[in-house]
Amino acid sequence: MKMWSGRFREPLDAEFEAWQRSIVFDWRLLDEEVAASKAHASALRAAGILTEAESAELRNALDAIASAHGMDAGKEQVRTHPTAEDIHHFVELSLVERVGSLGLKLHTGRSRNEQIATDLRLYTRKQIELVIASLASWAEALIEQARAAGDAVMPSYTHLQRAEPVLVAHWLLAYVEMILRDASRLRDCFVRLNYCPLGSGAVAGATLALDRTIAAHELGFTAPTPNSMDATSDRDFIVEYLHALTFVGLHLSRFAEEITLFATAEFGFVVLPEAFSTGSSAMPQKKNPDLTELIRAKVGRIHGAAEAVTLQLKGLPLAYNKDMQETQEPAFSVDFVPQMLALVARFTAALRFNGDRMRAAADSGYLNAMAAATYLVHKGVPFRTAHEKIGNAVRYAIDKGAELGELTIEELKQFGDEFGQDFYAAVTLDATLDCHDVIGGTARKRVRQAIEEAAVRVRSLTQEAVHAGA
């Protein structure tokens, strides 16, 4: 029997009935549905609708349902249930099988509109915690690589052209900063979504005098939602969560792109770990960066999910509309993100860098030109003038086939009398690094400090539980 069939004379068209069922995807919400139902039972008990014995019997039965369907075979039974319309209907049918008509009593003062709104918040909250924990693991792997890199040097790039030398650790820490921002966005989303819709009814609020704080407290929410119409129709948290994940995907993709480039023979900066690479069925010599290529591609799936939900919600009037059912599959479709982050964390830990190749690339090609201009600035030359003088010196060196530090004083003095013997010390690789002695710069002492500061910030991701209002 349908949960709503009393008013209808005709049965549903069989094809439409199968087409509109959501159990084929919302089966994933079984644990959330059980938890929310137990919390509702607590509220009904406090309101005198359920006796203590009835509440206990329902809660035990709900636990048994969750246990019975926790494994793969049990999940398949939920997904392929022949009559359940959605996860709420499945749990109700299962309750009736176990406790008889008492199972029908649990829906007192409750609507599926508030149930799905609650279940999705619980699900999204759990996913946020998983993603943040996985982000922390990747950040830890980056920090360990930064420590291991020590004073290893590489070129930095602008416009994909070599720009200035930086420490390899400095480059790695750039991704740690992205990760920390990603975690912050997800935490913000967690705070905003962590309000409990239970007690909102179908649209206007429960018809019983339920103490809504009981369910909210039991489920770990900050408080009940303040408006029933908003609570039952709000999917902002799904949009926000998915858009926060697009940043995670974006940063993963940028890292994947750089590793893919750096692993080419043309760069030769990185040795791909074999455990995360594949070969060619035709070319025996190949070692392909499949992991980074797949990561680069999957950001499209994340972004697509965010855009899909945005478009689904953009024209909906208040309050609940069946359209909202379509927000679930995009939310479920990105559940691969924690696993992807776990893989990239292990991949990052297994990376090996070709230090000699990177240093040679950083120590040639006039990457010390900025340091050379700075040398002239310290001699009192205005920067624009210094820029012009060094640019002329670089052009001369290119024609001669020499580096700046290989020009003689006589050759340098044709571009300005300010050049002296101390110029050579100012444009060594170490000096070029250390002249960036500012917060956030690549000077060696600054990067050593930045590694430890980043480690403290990352530890907070793993040590602090995600709480609403934190």
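What to note about this one:
- Dmax and Rg, reported as Rg then Dmax, of the chain (C-alpha, Å): 30.2, 102
- Rounded to the nearest 20 debye, the dipole magnitude of the chain is 260 debye, with +1 charges on Lys and Arg beta carbons, -1 on Asp and Glu beta carbons, and the Cα centre as origin.
- Gap separating the Cα centres of the stretch 373-435 and the stretch 213-233, nearest whole Å: 66
- Candidate cross-link partners of Lys105 among the aspartates and glutamates, defined by an alpha-carbon separation under 13 Å and a same-chain spacing of 8 or more, comprise Glu54, Glu57, Glu92.
- Taking the Cα atoms of the stretch 280-345, the ratio Rg/Rh between the radius of gyration and the Kirkwood radius comes to 1.22.
- Where only alpha carbons of the stretch 351-470 are counted, the Rg and the Dmax (Å): 19.8, 68
- The stretch 337-354 and the stretch 267-331 have Cα centres lying 16 Å from one another.
- Comparing Thr207, Ala275, Ala305 along the charge dipole axis of the stretch 206-309, the residue lying farthest to the positive side is Ala275, per the Cβ-charge model.
- Bins of 5 Å from zero: percent of alpha-carbon pairs in the stretch 144-251: 2, 11, 13, 13, 12, 10, 8, 7, 6, 6, 6, 4, 2, 1
- Among the lysines of the stretch 278-415, pairs that are 8 or more positions apart or on different chains and have alpha carbons within less than 20 Å of each other number 6.
- If you take the alpha carbon atoms of the stretch 50-145 and fit the smallest convex hull around them, that volume is 142 Å³ per residue.
- Share of pairwise Cα separations in the stretch 111-202, more than 23 Å, in percent: 48
- Size of charge dipole - the stretch 58-122 - debye, nearest 20, with Cβ of Lys, Arg +1 and Asp, Glu -1, no other charges: 200
- Within straight-line reach of Lys445, meaning a Cα separation under 15 Å, sit the following aspartates and glutamates at least 8 residues removed in sequence or on another chain: Asp151, Asp430, Asp434, Asp437, Glu453.
- Extreme residue, positive dipole direction of the stretch 47-197, given options Ala146, Ala163, Leu102 (C-beta unit charges): Ala163
- Heavy-atom accessible area for Cys189, with the other protein chains in place and a 1.4 Å probe, reaches approximately 0 Å².
The values are calculated or read from the model by the stated rules, or taken from the named source; none is laboratory data. Please read these numbers as outputs of a predicted model, since none were measured by experiment. When we count neighbours, we look across all protein chains shown, and the Cβ atoms used for this are built from the backbone with ideal geometry, even at glycine. Heavy atoms of the whole protein, side chains included, go into the accessibility calculation; ligands, DNA and RNA do not. Shrake-Rupley method; radii C 1.70, N 1.55, O 1.52, S 1.80 Å.
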